[in-house]
1. If you line up the long axis of helix 215-224 against the longest principal axis of the chain, both from Cα atoms, how many degrees apart are they, to the nearest 10?
2. Any idea what the dipole of the chain comes to, in debye rounded to 20, about its Cα centre with Lys/Arg Cβ at +1 and Asp/Glu Cβ at -1?
3. Within the range 125-146, name every residue whose backbone N is under 20 Å away from a label modeled 7 Å from Cα of Glu173 along the Cβ vector.
4. Going by alpha carbons, how many degrees (0 to 90, nearest 10) lie between the helix axis of 465-478 and the longest principal axis of the chain?
5. To two decimal places, what compactness ratio does the chain give when its Cα radius of gyration is scaled by 2.2 N^0.38 Å?
6. Hey, rough spin-label estimate for Glu45 and Arg229, points 7 angstrom out along Cα→Cβ, what's it come to in nanometres?
7. Quick check on the chain: helices-only [θ] at 222 nm, where DSSP H runs of length 4 and up contribute -39,500 (n - 2.57) each and the sum goes over total residues. Nearest 500, please.
8. Share of antiparallel DSSP beta bridges in the chain, in percent to the nearest 5?
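Only the coordinates and a few stated rules stand behind these numbers; no lab work does. Keep in mind that this is a model prediction, so the values were computed, not measured. Virtual Cβ from ideal backbone geometry, glycine too; neighbours counted across all protein chains shown.
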Amino acid sequence: MTALDLSSPVAVVGTGTMGQGIAQVALVAGHPVRLYDAVAGRAREAADAIGARLDRLVEKDRLTGAERDAARARLTSAETLSDLAGCALVVEAVVERLDVKQELFRALEDVVGDDCLLATNTSSLSVTAVGGALRIPGRFVGLHFFNPAPLLPLVEVVAGAATDPASATRAYETARAWGKTPVACADTPGFIVNRIARPFYAEAFALHEERAADPATIDAVLRESGGFRMGAFELTDLIGQDVNESVTHSVWQSFFQDVRFTPSLAQRRLVESGRFGRKSGRGWYDYRDGAERPEPHTAEPADPPAHVVVEGDLGPAADLVALIREAGIEVREAGGDTAGSLVLPGGGRLRLTDGRTSAGLGGVVHFDLALDYRRAGRIALAPAGTTPPRALAEATGLFQALGKKVSVVGDVPGMIVARTVARIVDLAYDAVDRGVASAADVDTAMRLGVNYPLGPVEWGRGLGLRWVYELLVALRRLDPSGRHAPSLALHRHTHVSDAGEGTPS
């Protein structure tokens, strides 16, 4: 099944920001496009707005004047749904209410031909449910674009329970012909991205509630150590706390209140108080005129240790040994099969977080995971309340000697980056094993949809699945709620990986 012919008219119903973006994508690809909105005059206004954006594309040399003029000539506004007769594809981008979408598609089915592909851009509703009342449900598919649609490449192509495979394939190939990167996805709550991304927000909010650190520090560690484009607090302020919380709540409810997707009480309080983020002037941060952005906690300069002793295997932090040598600090290697440690002259031990707290481990200071220790600009340390001051000072000085800023955070299990990444990896493997999407499509979706530095399946392989699994097991022991319990999928793939038998496909 091939993509729609460029001569085939495409309709977009709903002319808000997303609807306009989808219409622009189809228009620039070469299709005739018809806009419809239930509010009189909105479609015409949307056509004018799209025309203005085409002008800006010409100014940026992304379109020629002739291409813009041809695109404008292909764009029309429809006064009634009946004006959409003859379209080969109708994409819906109206309010996220099941009853509204179902009523719209029932009406559309009376207008368009039996071979017209019908698509919903829903981000949180069941594609199966939206299309369930249709006379021909096999032609119904999810086409989930990401905002802003003209700029972000990812499109999740969602097959509902009744979707004909040929319809899903046509939608997939059409999205690709439009210059997008489609990924095939089963109809599951949150699809790929909004399912697997939940821990990125949930763990940050939980860490704040546990008083591990303030939002500015958690965001800085996620960016500068974890390699994420934005931290969870600043990102949800950009998205809108109301929007992000609504998606989280929808996924949680759709999974029958699965504890892995439990919403944050702190975020709920923000929404209840009208602090939606940038659009309202306040969210986790204050965006009002004159407000200053809080700085992350950064430790004062400390002297580096004269030497360190490397004991055991540092696992994902093994690159630190070379960095320490390059910084001119003597490295002595003791070997052994004990938990990997950097033993400091004062007797303190630096260990990569393993899901336990530093309390009760006798002078241990845990440090957080980094995407790349050489390039990381900041490292978080978690001492216990009883950690000797010299041990913390030497640990701080060591990482500062490597050119890193240091943030000292509360003694929480799994710290910030490690437990966030571990949970994302776990949900990714779980999604692959449940047939939500292939491993390749999961990685593509998370890199393109939410700008993760690595796809989570690839990330898990790089860290070592055994390390990820054991960290989550340790977290589960300290958090009996089950939120951090590793999935059966991760359990299975960890043992397969231990045996050298391959990875998910």
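1. For helix 215-224, the angle is close to 90 degrees.
2. Details: 53 positive and 63 negative charges, 59 e Å.
In total the dipole reaches around 280 debye.
3. Taking a point 7 Å out along Cα→Cβ of Glu173, the residues of the range 125-146 whose backbone N falls under 20 Å are 138-144.
4. 80 degrees
5. My calculation over the Cα atoms of the chain gives 1.09.
6. Placing both labels 7 Å along Cα→Cβ, they lie 2.9 nm apart.
7. Details: 19 runs with 209 residues, N = 505.
So the helix-based figure for the chain works out to -12500 deg cm²/dmol.
8. Working: 14 of 52 bridges.
The antiparallel fraction comes to roughly 25 percent.
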